[in-house]
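These notes are about the structure you will find just below.
The values are calculated or read from the model by the stated rules, or taken from the named source; none is laboratory data. All figures in this text were calculated on a predicted structure; none of them were measured in a lab. Cβ placement follows ideal geometry from the backbone for every residue including glycine, while neighbour counts extend to all protein chains displayed. We work out accessible area using only protein heavy atoms, side chains counted, and drop any ligands, DNA or RNA first. Shrake-Rupley method; radii C 1.70, N 1.55, O 1.52, S 1.80 Å.
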Amino acid sequence: NFTWGLTNTFSYWGFDFSFMLTGAQGGEIMNQNARFLGEFNGNRNVYASVANYWRSDAEPGDGMTPKPRTVSTGVRGQSTSYWVEDASFVRIKNIRLGYTFPVKLIQQIGLSGLRAYVNLENVHVFSNYRNYDPENSTFQSGYRVGYDYGAYPTPFSATFGLNVSF
């Protein structure tokens with residue numbers, strides 16, 4: 001339905017702090033990974049929720065997870081809405097903390113400016129999506145955009161830096 005972002009910077013006595021949040025609400029993604037990890041057939045690891053499968057009328061489980069089978073049949077072989085999940089998310093995209101040293105202090109060592117900082121990218125994603133990242137799709141163009149066949153998540157990175165002026 002919509003995407004959004006929020007950013008701000010704060011400064012106080014030589015310290016500076018900035019952050020960026022991004023998000024999307026109302027999107028959907030076809031979780032093709034769940035077709036294989038969401039139904040137990042005995043030949044691979046699966047989601048923990050699969051343990052809540054239908055056993056009998058007295059033990060119906062969660063009402064959504066099918067009974068385990070040794071042969072892959074039924075809903076797993078189909079691209080149906082059963083595998084469509086909410087792709088809404090909130091991401092902490094960036095956090096930066098820095099300190100600019102006082103000019104009087106750094107002039108004593110022959111510098112005109114000195115700033116140290118740490119920058120964190122892709123800190124965390126808040127989402128109900130079962131896989132890593134609802135923003136990533138295995139396919140970036142064509143009719144399969146929005147299909148996740150196990151796309152690698154956006155990596156976290158940390159950068160430490162020093163800005164030096166002479």
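List the pairs whose first member sits in the range 69-90 and is under 20 Å from residue 146 (Cβ atoms), whose second member is modelled with pLDDT of 85 or more and surrounded by fewer than 13 Cβ atoms within 10 Å (Cβ to Cβ), and whose Cβ atoms are under 8 Å apart, counting only residues at least 6 apart or on separate chains?
From the range 69-90, the pairs are 85/128; 86/128; 88/26; 88/128; 89/126; 90/126.
Within the range 1-56, count every residue that is acidic (Asp, Glu), out of contact with any helix residue (DSSP H, G or I) (no Cβ under 7 Å at 6 or more places or on another chain) and modelled with pLDDT under 75.
0
Just give me the residues in the range 141-166 being hydrophobic (A, V, I, L, M, F, W, C), in a strand (DSSP E or B) and crowded, with 16+ Cβ neighbours inside 10 Å, in sequence order.
Within the range 141-166, none qualify.
How many residues, within the range 94-140, are free of Cβ contacts under 8 Å to residues at least 12 places away in the same chain, farther than 22 Å from residue 12 by Cβ and open to solvent by less than 90 Å² (accessible area, probe 1.4 Å)?
So the count comes out to 1.
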